[in-house]
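A quick write-up on the structure given underneath.
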Amino acid sequence: MNGLNLKDKVAVITGGAGIICSTLSKSLAAQGVKTVILDLNKDAAIKVAKEIETEFKTPSIGLSANVLDKASLEAVKKEINDKFGTIDILVNGAGGNSPAATTKNEIIEGTSTENLEDTFFGLKIEGFDKVFDLNFKGTVLPSMVFGTDLIGKKSGSIVNISSMNSYRPLTKIPAYSAAKAAINNFTQWLAVHFAKTGVRVNAIAPGFLLTNQNRFLLIDEKSGGMTPRGNKIINGTPMGRYVVPEELSGTLIYLVSDLSKAVTGIVIPVDGGFSAYSGV
Ligand code: NAD
């Protein structure tokens with residue numbers, strides 16, 4: 001496609017070894033972008049980078065860093081700058097939910113104060129900390145560390161990865177929902193803060209994908225069939241299916257390229273119609 005202006009740009013993708021972000025990294029590489037696969041899991045990051053170099057003949061490196069540890073991000077920034085030069089694109093993809101911040105029951109039936117362990121009252125605050133830190137602070141800190149390169153170049157783009165639960169919370173996962181809502185809010189805040197610098201900040205809100213983090217909620221371990229929650233999701237998605245990671249690629253390319261030169265501070269749903277459907 002012409003007019004993208006992506007060739008030889010340098011992109012850092014956090015959580016780049018994961019299901020969604022390894023696919024997004026490959027879609028950037030397909031446009032000639034040099035990719036940095038940044039992940040806690042070093043071996044998995046190196047593996048994705050090798051796959052990219054083989055498949056797309058575009059430079060890629062897999063590096064280990066923790067998005068919650070500023071010093072580790074600063075250390076890899078130096079390595080990236082030495083190897084690829086300054087950064088143009090940041091995709092904040094590291095994120096996810098935790099069983100410790102997930103209720104067993106969707107709603108409280110009745111008014112008994114017994115057996116509340118499976119509800120809101122049984123949640124561990126440490127689970128909230130974990131989920132808020134990973135999703136929210138794990139987006140703020142890389143933006144702080146890598147964003148300086150973009151400001152210095154007066155161009156570039158940050159894309160945060162939000163979720164359907166950022167618009168309306170999903171049952172069972174209050175911390176993850178609130179953390180993703182915070183990402184939408186922060187996307188707007190940073191977009192305004194950077195607006196005069198030439199640096200744009202947007203987000204993608206994927207609909208429902210079947211991945212490691214939600215498999216335990218959507219697929220019954222014993223039968224291998226869909227859980228009632230899995231069925232509800234499919235019934236609530238007008239297209240009647242899960243989204244696959246490749247279907248997020250077009251939106252990412254749009255947001256990081258010159259196709260969206262005047263677009264900043266938006267969150268784009270890629271959701272098979274889920275957010276448009278009232279259920280009736
Ligand atoms: P995934 O678990 O496959 O990938 C997440 C990656 O992040 C893993 O490779 C993991 O090692 C890495 N990671 C975890 N903690 C890290 C840390 N502290 N520092 C650096 N890396 C770390 O997850 P996924 O399903 O591909 O999700 C990617 C993003 O998309 C997440 O932000 C998730 O919240 C969001 N999302 C997922 C879905 C879905 O249905 N799977 C839907 C909407 C949004």
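The values are calculated or read from the model by the stated rules, or taken from the named source; none is laboratory data. The model shown is predicted, which means the values in this text are computed figures rather than measured ones. Every residue, glycine among them, receives a Cβ derived from its backbone with ideal geometry; neighbour counts consider all protein chains shown.
Couple of notes before you dig in:
- Only one of the numbered conditions (1) over 30 Å from Leu170 (Cα atoms); (2) within 15 Å of the ligand (Cβ to nearest atom) is violated by Asn92, and that is (1).
- Summed over region 217-258, residues that are in contact with a Leu (Cβ under 6 Å, 6 or more places away or on another chain) and among the aromatic types (Phe, Trp, Tyr) total 1.
- Subset of region 194-221 that is of a type in the set (Val, Ile, Thr) and at pLDDT 95 or above - its residue that is surrounded by the most Cβ atoms within 10 Å (Cβ to Cβ): Val201
- Residue among Lys50, Lys77, Lys57 that alone is assigned by TED's automatic domain parsing to the domain that holds Gly15 and closer than 26 Å to Ser162 by Cα: Lys77
- Residue count for region 1-24, restricted to those that are more than 9 Å from the ligand (Cβ to nearest atom), touching a residue at least 60 places away in the same chain (Cβ under 8 Å) and over 12 Å from Ile253 (Cβ atoms): 3
- Within region 185-208, being among the β-branched types (Val, Ile, Thr) and either farther than 17 Å from Ser166 by Cα or touching a Ser or Thr at 6+ places or on another chain (Cβ under 6 Å) (or both) holds for Val192, Thr197, Val199, Val201, Ile204.
- Those helices (runs of 4 or more DSSP H) of region 135-253 in which at least 1 residues are near the ligand (Cβ under 10 Å from one of its atoms), under 21 Å from Lys9 (Cα atoms) and not aromatic (Phe, Trp, Tyr), considering only elements entirely within it, cover 138-153.
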